[in-house]
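Below is one structure; the comments refer to it alone.
The values are calculated or read from the model by the stated rules, or taken from the named source; none is laboratory data. Just so it is clear, the model here is predicted, and its values are computed rather than measured. Virtual Cβ from ideal backbone geometry, glycine too; neighbours counted across all protein chains shown.
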Amino acid sequence: MDSPPMDTPPRPCRAHGPGLDPAALVGRRLTGVVAAWHVYEGRRDPVPVDVWLVDDSGGSTRVSSGTDWCLVVEASAPYEGYDMDEWGLIEVEPGDHLAPFARHLGEPVRGAREEFEPMTGRIAIELDFPSGGLRCESRDGDVLLRALGRPEPPGAARGGVPGAGS
């Protein structure tokens, strides 16, 4: 079943509520990224558990996959790493190198959109930066991060080849 378009009216997650409206990030400059990783038997999962976007106002926004596979977006400071005994540990460290965020460090958020599913609530956000965009989505309990194509300059005609400039 296809997801509703990005402009579908919001439906809050039943387990986590509506969370932060990503439009609140518009105008803020991305100054850093922090990520939490699950490590088991010495191997780090390739996908972070949580990601925090740190902005120039001193705030941080956590992006995570919820227990019901919604995308949790909330104002929250990064937590400390912790040991889960036989289930491994969670390491929390700067993630400024984390693709696709690295190319947007120092840039302001120019736009934000959300995507919802009827039974889950928010499943994705897209953020626009001067050098391009990024998509954060919850899929099968993981937070997936993906670069989007470069935005068109203000006043440019719409159209062209889909995916050009990605």
Mind checking which residues of segment 118-129 are without any contact (Cβ under 8 Å) to a residue 24 or more places away in the chain and assigned to a strand (DSSP E or B)? Asp128
Looking at Leu89, is it touching a strand residue (DSSP E or B) at 6+ places or on another chain (Cβ under 6 Å) and over 27 Å from Asp128 (Cβ atoms)? yes
Considering only segment 68-94, state which residues are more than 14 Å from the chain's Cα centre (by Cα), under 20 Å from Asp140 (Cα atoms) and surrounded by 13 or more Cβ atoms within 10 Å (Cβ to Cβ). Asp68, Ile90
Checking Thr67, Thr61 in turn, the sole residue that is β-branched (Val, Ile, Thr) and closer than 22 Å to Leu148 by Cα turns out to be Thr61
Do the conditions hold for Arg146, that is, is it at pLDDT 90 or above and in a strand (DSSP E or B)? yes
May I ask you to say which residue of Glu41, Glu86, Glu115, Glu107 is free of Cβ contacts under 8 Å to residues at least 24 places away in the same chain and of a type outside the set (Gly, Ala, Ser)? Glu86
How about segment 130-143: which of its residues are over 13 Å from the mean Cα position of the chain (by Cα) and either assigned to a loop (DSSP other than H, G, I, E, B) or at negative phi (or both)? Pro130, Ser131, Asp140, Gly141
